Amino acid sequence: MPSPSWNITTESFGALTDRVVAAVVDADALDALRQKRDGSCRRSDVRLVSHAIRLAATLALLFFSLPAEAYGYVFSTFTGDDAAGMKLSIYTSSDALHFTLLSDTGFGGPSGYLRDPSIMKHIDGKYYVAYTDPLTDDCCGEENHFSIASSADLVHWTNLTMVNAGVPGVAHTWAPEWFIEGSTVHVIANIDTTNTDSNFKPYLYTAEDATLTSWTAPTPLGFGPNYIDTFVLKVGATYHAFAKNETTRYCEHATASALTGPWTFVGTGNWAGWGSGMEGPAVVQLDDGTWRIFMDGQGSTPFVTATSPDLYQWSAWTALPDVGNLVRHGTVIRDTPTGGTPDDGGLVPEGAADEDSGSGDAAADGGDGRAASPDDGAVESGPGPASDAGTDGTSADTGGAVAPADGSNSEGGAISENGATPTGSAGCSCRAGGTRAPLPCSSESLAVLAVLGGAHLRRRKRGASAYPGRMARPRS
């Protein structure tokens, strides 16, 4: 029997059962029943009905798992270049600015060393990170693959698969980032074939099914060489790529009408005023429709952030409060419960909004390539599948979520076998908060439990009235 997955420490048991009740009983009708005073429904009857419903809710909690609560914004990162620092750390935030540590997970992948983790939330409700998988703590040895791991709670992680680079002469495979578009999940990895760190090009890998264990051969994204840490999101019909120029060490901005180009660089050199030395750009769309970029200052400056209304004009960078001197290259996504509505946010990085309106979530769901499309336009962020991939899914409006199997937009952004919308790019970003997530069990099942419980209690009440002052004896 599966145990409930809800964190009961954050919500009273009574409130939990009320959530279950709300999934079955119309709140207005129940309130009307409770307020009825015309004699046709006595308070004792109301109490019996209430107890019956709570009994049904209790049974539901015992036999069915509830979806995990969302964390607002989730930041996957690592903390240093030594063996201890190359482990997965997870931070959370309610505003994508002030982060607190959720877990130093200790997860380092098969080799024990992990860098550049990109996160998303799949339609199964689990979180997935794609990450650089160095063989030693020397950082920059030969890496001919990237790896993917999964977790149900952001604390305990299990390696899912290793994806071979598949590029002749590969020397390094670095900084894989999720990008989800429609119902297709991609990873964009940066590959060097000269072992000089000057020949990096981004390549596109596409998941062949919802398990994320089988991937296509790589396809060149269409720009380079000499670009690394590529982060892609989609706003309306335009793809946006933010990547570091390895020679000048500036984070630059390119756009395209197709995922594999041709790309045009619209921001080069010190175009945004951030200076050189920044790497690992990751973009998320905030609840107010604006964009926030995160960049790793590589020790010369703290981990930094800046904001933009349209992805073209950016503020000066400021150090990320609280953790700016602790964290390294990673991804921020907006997180909401799996199964929620698009407005709840999807768990895909946000970064894409409808260009006409200037708002919306990241690509596909979240606007940053890890999300579903926003309410006001198709936006796909981070790790979202390309629309030209021939999928039949539609983008979700959340911050990067994939639609669940029943066709509704899911907050957990990811790929679904029936064409549900996944979340966006480098991670699933979703909007914080949101409406109540539906139960995994059917409302019909809960209704049956409620009826049975109510009938039982009504029989007990009738028996009690036949023997004034005491309850009826149970029948043998």
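Derivation of every value follows stated rules applied to the coordinates shown; laboratory data play no part. As the structure is a prediction and not an experimental result, all values here were calculated from the model. Every residue, glycine as well, gets a Cβ built from its backbone with ideal geometry; the counts of neighbours run over all protein chains shown.
Treating each Cα of segment 194-321 as one equal point scatterer and applying the Debye formula with no solvent, the log10 of I(q)/I(0) at q = 0.09, 0.14, 0.21 Å⁻¹ comes out as -0.27, -0.65, -1.28. Multiplying the residue separation of D322 and L135 by 0.36 nm and removing their Cα-Cα distance gives an extension gain of 64.2 nm. Annotation: the residues K121, K201, K244, sorted from fewest to most other C-beta atoms within 10 Å of their own C-beta, follow the order K201, K244, K121. Neighbour counting of Cβ atoms within 10 Å sorts the residues M86, M162, fewest neighbours leading, into M162, M86. For segment 72-335, the fraction of alpha-carbon pairs lying more than 35 Å apart is 6 percent, rounded to a whole number.
Rg and Dmax, both from the Cα atoms of segment 92-245 and both in Å, are 15.4, 44.
Residue ranges 110-120, 144-154, 126-136 sort as 110-120, 126-136, 144-154 when ordered by packing (mean number of other C-beta atoms within 10 Å per residue, highest first).
When Lys and Arg each count +1 and Asp and Glu each count -1, what net charge do the other residues less than 11 Å away from Y91, Cβ to Cβ, add up to? It works out to a net charge of -2.
When each of V163, V187 is scored by the number of other beta-carbon atoms lying within 10 Å, the sequence from fewest to most is V163, V187.
Extending 7 Å from the Cα toward the beta-carbon at both L101 and T247 defines two label points whose distance is 4.1 nm.
Summarising the label geometry, the points placed 7 Å from Cα in the beta-carbon direction at S111 and T161 lie 2.0 nm from one another. In this simple spin-label model, placing a label point 7 Å from the Cα along the Cα-to-Cβ direction at both S300 and A217 gives a separation of 3.9 nm.
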